[in-house]
Amino acid sequence: MTTLTRADLDRSLAAGRIDPLYLLVGCEGYLRDIAARKIADATLTGTLLREFNESTFNLLTDSAMAAIAAAEQMPMMSERRVIRIKDFAKLRETDEEIIIRYLDRPLDSTVLVFTADDLDRRKKLTKTLLTTCTLVEFPAVKDAEAKAWARTRLKELKTTADAQVLTDIVRLVGTNLQTLSSELEKLAAAAMPTGQITSELVDQLIDRSRELSNFDLGDQLIAGDRRRALETLHRLLEDDVAPVMLLGLIAGNYHRLALAKELLKRGARDEVYKLIYGPPAKRDAFMNTLQRSDSTKIARGIQLIAAADLAIKTSLAGGGPKGARLQLEVLVCELAS
């Protein structure tokens with residue numbers, strides 16, 4: 001198995017090195033789709049009849065046999081053709097075998113690209129894909145990368161925003177780049193004709209429900225309200241917040257509380273306020289939560305979060321998102337106990 005970073009893939013394609021099998025995996029679908037397009041563009045450069053040499057199969061609705069039959073066709077007036085296969089996680093064993101037989105003997109004239117949010121590594125098909133394909137992973141991006149990406153996207157939209165506004169946008173929207181792109185386009189349109197996105201504009205146009213839910217979850221955990229904490233967790237999961245990202249939000253809340261406790265001991269109340277974004281009402285709510293919290297409980301919470309982090313990453317590697325969701329539920333119950 002060959003593993004490439006996103007940058008490695010770009011360099012490889014620019015140099016004309018194109019592999020017959022790719023596996024693009026990860027929850028960052030926006031960057032994953034861009035990578036799939038780059039592979040297709042590099043493969044089909046100069047092809048006059050691109051529409052006859054590029055196909056996508058969704059195996060929730062299309063058959064594995066049809067997808068592999070397309071992969072086995074010779075390209076039309078082109079050196080190669082590109083086939084993209086997605087949503088292959090729930091195939092019958094007979095359909096998996098059809099794909100595995102092709103993976104064992106791929107055609108040089110076809111570039112076959114598999115895309116998935118995650119993999120069940122217990123399956124035979126997954127093991128074969130990891131053995132035969134060039135793997136490129138697309139995990140959720142971190143805040144710093146999301147802000148850098150947003151800054152570049154705003155330049156493309158001929159719009160500007162200062163560093164604090166960008167920080168607020170990412171904090172409110174999250175780091176899913178598809179969602180972030182949509183929100184930036186909305187803000188850029190509203191910022192005309194000045195081309196400047198302000199904090200007031202962000203307050204007017206961006207839904208704060210996710211931020212409020214994140215804050216509520218931290219408050220409910222400290223208060224020991226297990227029932228409401230689980231309800232908030234389930235609401236966030238249904239809102240497609242990735243388990244790893246949710247764990248990071250919970251960890252961020254606890255680390256912020258630990259730091260704030262230490263600052264209060266030193267009498268640095270003004271420094272505590274710098275840890276809190278948003279209006280005075282949110283600052284007051286944070287201070288109330290801080291006063292209710294206990295340093296020992298916060299420290300224990302951070303230890304539990306660290307253990308859950310390892311368990312969730314192991315679950316994602318071995319059993320998919322259901323195991324990660326269960327680990328989060330267990331963590332919330334422990335933190336709220």
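The values are calculated or read from the model by the stated rules, or taken from the named source; none is laboratory data. Keep in mind it's a predicted model, so treat the numbers as computed, not measured. As a convention, Cβ positions derive from the backbone with ideal geometry for all residues, glycine included, and neighbour counts pool all protein chains shown. Just the protein is used for accessible areas: all its heavy atoms, side chains included, with ligands, DNA and RNA removed. Shrake-Rupley method; radii C 1.70, N 1.55, O 1.52, S 1.80 Å.
Within region 73-91, residues that are farther than 16 Å from L48 by Cβ have Cβ atoms under 6 Å from residues that are open to solvent by 60 Å² or more (accessible area, probe 1.4 Å) in these pairs: R84/T56; D87/L60, counting only partners at least 6 apart in sequence or on another chain. Considered as a group, the residues in region 242-271 that are under 15 Å from D216 (Cα atoms) and touching a helix residue (DSSP H, G or I) at 6+ places or on another chain (Cβ under 7 Å) include one that is surrounded by the fewest Cβ atoms within 10 Å (Cβ to Cβ), and that residue is A251.
Within region 62-82, can one find any residue that is touching an Asp or Glu at 6+ places or on another chain (Cβ under 7 Å) and open to solvent by 40 Å² or more (accessible area, probe 1.4 Å)? No - not one qualifying residue is present in region 62-82. Scanning region 200-232 for residues that are at pLDDT 75 or above and of a type in the set (A, V, I, L, M) yields L201, V202, L205, I206, L217, L221, A229, L230.
Of all residues in region 102-113, those satisfying the criterion of being outside any loop (DSSP other than H, G, I, E, B) and of a type outside the set (S, T, N, Q) are Y102, L103, D104, V111, L112, V113. Whenever a residue of region 15-43 is on the phi > 0 side of the Ramachandran plot, its partners that are surrounded by fewer than 19 Cβ atoms within 10 Å (Cβ to Cβ) and part of a loop (DSSP other than H, G, I, E, B), lying with C-beta atoms within less than 6 angstrom and at least six residues away or across chains, give the pairs G26/P139.
So that you can scan it fast, the table gives a plain yes or no per residue for (1) under 22 Å from L331 (Cα atoms); (2) modelled with pLDDT under 80:
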{"position": "H234", "(1), (2)": "yes, no"}
{"position": "G248", "(1), (2)": "yes, yes"}
{"position": "R256", "(1), (2)": "yes, no"}
{"position": "K261", "(1), (2)": "no, no"}
{"position": "T289", "(1), (2)": "yes, yes"}
{"position": "T296", "(1), (2)": "yes, no"}
{"position": "I302", "(1), (2)": "yes, no"}
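Exactly one residue among I206, I222, I169 is of a type in the set (A, V, I, L, M) and surrounded by fewer than 19 Cβ atoms within 10 Å (Cβ to Cβ), and that residue is I206. Within region 114-162, being in a helix (DSSP H, G or I) and under 24 Å from I85 (Cα atoms) holds for K124, L125, T126, K127, T128, L129, L130, T131, T132. Picking from residues in region 131-166 that are of a type outside the set (A, V, I, L, M, F, W, C) and closer than 30 Å to P106 by Cα, the one that is least open to solvent (accessible area, probe 1.4 Å) is T134.
Among the candidates T61, T94, the residue that is among the polar types (S, T, N, Q) and farther than 30 Å from V244 by Cβ is uniquely T94. If you go through region 185-198 one residue at a time, how many are in contact (Cβ under 8 Å) with a residue 12 or more places away in the chain, open to solvent by 50 Å² or more (accessible area, probe 1.4 Å) and part of a helix (DSSP H, G or I)? Number satisfying all stated conditions: 2. Inspection of region 129-147 finds a residue satisfying the criterion of being more than 30 Å from E200 (Cβ to Cβ) and acidic (D, E).
Within region 1-53, which residues are outside any helix (DSSP H, G or I) and of a type in the set (D, E, K, R)? R17, D19, E28 - these are the residues of region 1-53 that are outside any helix (DSSP H, G or I) and of a type in the set (D, E, K, R).
For region 68-90, which residues satisfy the criterion of being under 15 Å from L23 (Cβ atoms) and outside any strand (DSSP E or B)? Matches in region 68-90: A71, D87, F88, A89.
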